[in-house]
Structures are given as C-alpha cells and as structure tokens.
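Encoded as structure tokens, the structure appears first; notes follow it.
The values are calculated or read from the model by the stated rules, or taken from the named source; none is laboratory data. Predicted model only: the values in this text are computed from it and were never measured. Cβ coordinates were reconstructed from backbone atoms using ideal geometry, including for glycine residues, and neighbour counts include every protein chain displayed.
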Amino acid sequence: MENLYCLRCNRELEAGRKSVAMYMFAQTVGIRPRQKSAAQRICFCPQCSVSLAMGPPPEGALNVAAWNMIRELVGSDPALNQAAWENLRGVVGLLPATGTDGVPRRASGEGYFEF
C-alpha cells in the first residue's frame, strides 16, 4: 500500500485514518473506440477539507467542480468537521503555550495579538 499525502498541506495520511479522497479520470464520449485514462486518487486531510469548503471558490472550472464536491461532503455530515477538530486538538497540544519557539513574550504596544 502506498503512502498518501494531503494534496494541500502535504501531511501524510495513514491508512485507515479519516480523510477525503477524490478520484479523477478522463474518458472520451461519442468517440469509438472509447478511451479512458487511469484514475488518480487525490486526498485531503480533514482540516484541509473543512478549510477548503469554508473558503472562497478557487479559480478555474476544474477547481470549482472539485470545491463544490468537497463543500457537499463537508456540509452533508458533521463527522468530517468532528475529525478536523479532533486532529486540531492534537496539534494544539504539541505547540508551546508561549509562542512558536517556546520563548515567553513580553507585552508590548506593537498592535498585534499572540495566539
């Protein structure tokens, strides 16, 4: 079994883990003999799936068609949203509470918030 990666963030998707897979192939219509390309599996992790569905539509007809499919999946069942939140909780536990480099920050009047 080959390793799968999220197309958007390149995070490795372990076999059996929650993700969204899209299969894409091309086929001739009205032409004999009919020709068909090999199917390509495109995967997205739950976080990227939800993020893509909630964002603005991408440019390009093929991208918009894929975006509409992802939006339909994300909106049809809360399981994908739940999986995204579960994965984000795991990521948050790995981050230091004081900043990305673990160094405590002092308050300053620079006009931004640190999360």
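A few notes on this one:
- Scoring Cys48 on the criteria (1) at pLDDT 90 or above; (2) over 16 Å from Leu13 (Cα atoms); (3) not aromatic (Phe, Trp, Tyr) leaves a single failure, condition (2).
- Subset of region 65-98 that is modelled with pLDDT of 50 or more and assigned to a loop (DSSP other than H, G, I, E, B) - its residue that is nearest to the chain's Cα centre (by Cα): Asp77
- Verdict on Leu62 being within 28 Å of Glu2 (Cβ to Cβ), in a helix (DSSP H, G or I) and over 16 Å from the mean Cα position of the chain (by Cα): yes
- Scanning region 9-37 for residues that are of a type in the set (A, V, I, L, M, F, W, C) and under 30 Å from Gln82 (Cβ atoms) yields a total of 7.
- In the set (1) in a loop (DSSP other than H, G, I, E, B); (2) modelled with pLDDT of 90 or more; (3) loosely packed, with under 10 Cβ neighbours inside 10 Å, the condition left unmet by Pro57 is number (3).
- For region 11-31, a tally of residues being more than 11 Å from the chain's Cα centre (by Cα), within 16 Å of Met69 (Cβ to Cβ) and part of a strand (DSSP E or B) returns 3.
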